[in-house]
Every structure is written in structure tokens, then in C-alpha cells.
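Chemist: I'd like to ask some things about the structure below.
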Amino acid sequence: MKQCSLCGKSYILGGTRKKLRGVFNPTNWSRKRANLQQSRLLDGKRQLLCVKCIRTLSRDIKEAQTEIVPETPKNEEAIA
């Protein structure tokens with residue numbers, strides 16, 4: 001079974017129901033699959049990851065690369 005190597009997301013099994021003479025009858029069963037992509041991690045290994053995990057990893061990398069600089073007031077004399 002294909003699943004995300006970080007969060008374990010794979011698929012959800014769901015069915016449709018049709019109402020016939022006052023009774024719901026199950027008709028079709030289908031799998032809703034996760035959006036899994038091959039992605040290369042920082043250590044160089046390729047793994048199957050869901051898109052949500054890929055977005056989270058890329059956001060964390062961008063935050064680590066940018067330095068957080070405190071805001072300086074425009075008019076320092078007005079504060080003093």
C-alpha cells in the first residue's frame with residue numbers, strides 16, 4: 001500500500017448510496033487516494049510524501065534560511 005513516509009496518509013475507502021423505495025442501497029465503493037509525490041529530502045534520499053508534508057517541509061526550510069530581524073522604529077527621536 002502506498003502511503004506518505006512522514007505522516008502515514010494513504011487512502012480512504014468510501015461508497016455511494018442510492019435511495020430506492022425508501023431504503024439506501026450501497027452501490028459503488030471507491031478509494032480516495034492521497035496526493036503522493038516522489039520527493040528528495042535533505043539527506044539525498046527519495047521518498048513518497050504527501051503534498052501537505054512537502055509544503056510543510058519547504059516552509060520550515062525557508063524559515064530556517066531567513067534570519068528574523070527585529071523591526072527598528074522609523075523615528076527613534078520620537079521615542080526618546
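Residues are listed down the side, and each one gets a yes or a no for (1) at pLDDT 90 or above; (2) over 19 Å from the mean Cα position of the chain (by Cα); (3) among the aromatic types (Phe, Trp, Tyr):
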| site | (1), (2), (3) |
| --- | --- |
| 3 | yes, no, no |
| 14 | no, yes, no |
| 19 | no, yes, no |
| 29 | no, yes, yes |
| 37 | yes, no, no |
| 41 | no, no, no |
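Conditions tested, residue by residue: (1) touching a residue at least 60 places away in the same chain (Cβ under 8 Å); (2) in a strand (DSSP E or B); (3) surrounded by 10 or more Cβ atoms within 10 Å (Cβ to Cβ).
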residue: 14; (1), (2), (3): no, yes, yes
residue: 18; (1), (2), (3): no, yes, yes
residue: 27; (1), (2), (3): no, yes, yes
residue: 30; (1), (2), (3): no, yes, yes
residue: 38; (1), (2), (3): no, yes, no
residue: 42; (1), (2), (3): no, no, no
residue: 53; (1), (2), (3): no, no, yes
residue: 56; (1), (2), (3): no, no, yes
residue: 59; (1), (2), (3): no, no, yes
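The values are calculated or read from the model by the stated rules, or taken from the named source; none is laboratory data. These numbers come from a predicted model, not from an experiment. All Cβ positions, even for glycine, are placed from backbone atoms using ideal geometry, and neighbour counts span all protein chains on display.
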